[in-house]
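Reviewing the structure listed below.
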Amino acid sequence: MKIHEYQAKELLKRYGIPIQDGVTIVDPAQADAAVDQVNKELGAGQYVIKAQVHAGGRGKGGGVKFSTDRASALENIRNILGMTLVTHQTGAEGRLVKKVMVAQALDIKQEFYAAITLDRTKGMDVFMVSSEGGVEIEEVARTSPEKIVKEAVLPGFGLRSFQARNLVLALGLEGEAARQAVGMFQKLYTLYRELDCSIVEINPLVVTEQGDLIALDAKINFDDNALYLHPDVAEMRDLDEEDPAEVEAGKYNLNYIKLDGTVGCMVNGAGLAMSTMDIIKQRGGSPANFLDVGGGANVETVKNGFRIILSDENVKAVLINIFGGIVRCDRIANGIIEAVKELDLNVPVVVRLAGTNADIAKELLANSGVSIISADSFEDAANKVVEAAGS
Ligand code: GDP
Ligand code: MN
């Protein structure tokens, strides 16, 4: 799960990490009060107006604007709230800005990058810093990887102080700022662990002209499987920022991820779902989605899965690829028959069922009168669905 910058900053604050603070609003009518509050409570005479969307690169896209006075702040709030913000992470269609943060402007002396995520190859969390902050870190990683310094964190030990010091030295920090940074990095790692984050990223982490170390931006993603442990974090979810089909699928415990191809896939088991996507690609097609209907698939799951797949206008054909292990193929077949009868299907459906009761399932489908294309093997199914999607 992703959250907004203003929410991530609330969490940083909770862990005692200094942030560029502000007030977040959803309505232009709140603009005056927000500017007043930032001025009064944070003593700011200058402001940064920041679009709140679940995508990075807002600055470059025109979603972060500096205002040297109140009038300009109000104008920038009006312009940003309701704009369609296009960044390298939103795709060409952009993202409608529904929330805006009115933040205190800071005088920046230096910009750094700091992030924590899981290094799957090492099997350890990795804490990364770079003196090249404020810019796209992907670019730094590509052109000058030596400018990203990493410390792998031993599970159970946390970020040790010598590691925090190594990172701080790598940034060239000295004196008071260095002392603040060591403490901040350890708190950041504690937050990452305690809240079951998958990413914590501060870009930029700044040293102000006054010598203070402050998180100017914050991005935090969470491990969805651990969200039930953190109801307060789960509450931060903003459905406006998520794909509606994915949200709908979540309600039925379907693992659905929308992609941009034309072959809809309904599969049970994540491994089979991934190999299904692979084979579709290999045969020259492209998957419209990843969908794992899970081990306990039944008539309802199949129907809901169908509805969600077909809500995507790009879908030109559907492949149902089910291995009956725990789930029985005849139950799936009944689900398919009901779904096809109930929903107005206007694309070809290829079905491959294998495993428990596959023979009964085939008979059910053959006698049902519904129009589906039956496949004998995985390869056969892939060939047929790619052909159906192409024609
Ligand atoms: P992003 O573009 O989505 O990563 O949004 P950021 O919150 O990182 O803001 C983009 C850039 O705006 C930062 O890298 C800073 O250079 C600049 N910026 C944001 N807040 C301030 C501020 O208070 N003072 C100054 N001088 N620049 C700021
Ligand atoms: Mn940033």
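The values are calculated or read from the model by the stated rules, or taken from the named source; none is laboratory data. On a predicted model such as this, the values are computed, not experimentally measured, just so you know. No Cβ is skipped: glycine too gets one built from the backbone with ideal geometry, and neighbour counts run over all protein chains shown.
From the list E136, E132, exactly one residue is touching a residue at least 12 places away in the same chain (Cβ under 8 Å), in contact with a Gly (Cβ under 8 Å, 6 or more places away or on another chain), charged (D, E, K, R) and within 16 Å of ligand 2 (Cβ to nearest atom). Which is it?
One residue alone meets the criteria, E136.
Is there a residue being outside the structural domain of M236 (by TED's automatic domain parsing), loosely packed, with under 15 Cβ neighbours inside 10 Å and modelled with pLDDT under 95 anywhere in region 48-60?
Yes, because at least one residue in region 48-60 is outside the structural domain of M236 (by TED's automatic domain parsing), loosely packed, with under 15 Cβ neighbours inside 10 Å and modelled with pLDDT under 95.
Name the single residue, out of those in region 24-36 being surrounded by fewer than 18 Cβ atoms within 10 Å (Cβ to Cβ) and assigned to a helix (DSSP H, G or I), that is farthest from ligand 1 (Cβ to nearest atom).
Per the stated criteria, the residue is A29.
Quick check on my filter: what residues within region 297-323 are assigned to a loop (DSSP other than H, G, I, E, B), within 16 Å of E387 (Cα to Cα) and in contact with a helix residue (DSSP H, G or I) (Cβ under 8 Å, 6 or more places away or on another chain)?
V315, K316
Return the residues of region 64-102 that are within 16 Å of ligand 2 (Cβ to nearest atom), closer than 22 Å to A215 by Cα and either in the same structural domain as G211 (by TED's automatic domain parsing) or of a type in the set (S, T, Y) (or both); say none if nothing qualifies.
T87
Quick check on P287: is it surrounded by fewer than 20 Cβ atoms within 10 Å (Cβ to Cβ) and of a type outside the set (G, A, S)?
No; evaluated as a whole, the condition is false for this residue.
Name the single residue that is farthest from ligand 1 (Cβ to nearest atom) among those in region 72-86 being more than 19 Å from V23 (Cβ to Cβ) and in contact with a helix residue (DSSP H, G or I) (Cβ under 7 Å, 6 or more places away or on another chain).
The qualifying residue farthest from ligand 1 (Cβ to nearest atom) is V86.
What residue, among those in region 37-71 that are assigned to a helix (DSSP H, G or I) and more than 14 Å from ligand 1 (Cβ to nearest atom), is nearest to L239 (Cα to Cα)?
Q37
Could you count how many residues in region 92-141 are part of a loop (DSSP other than H, G, I, E, B), within 19 Å of L12 (Cβ to Cβ) and within 12 Å of ligand 1 (Cβ to nearest atom)?
Matching residues across region 92-141 total 4.
Looking at (1) closer than 26 Å to L227 by Cβ; (2) modelled with pLDDT of 95 or more; (3) surrounded by fewer than 17 Cβ atoms within 10 Å (Cβ to Cβ); (4) within 12 Å of ligand 1 (Cβ to nearest atom), which is the one condition that is false for Q89?
Unmet condition: (2).
Please determine, by comparing only the residues of region 203-221 that are surrounded by fewer than 21 Cβ atoms within 10 Å (Cβ to Cβ) and under 18 Å from the mean Cα position of the chain (by Cα), which one is farthest from G133 (Cα to Cα).
Per the stated criteria, the residue is N221.
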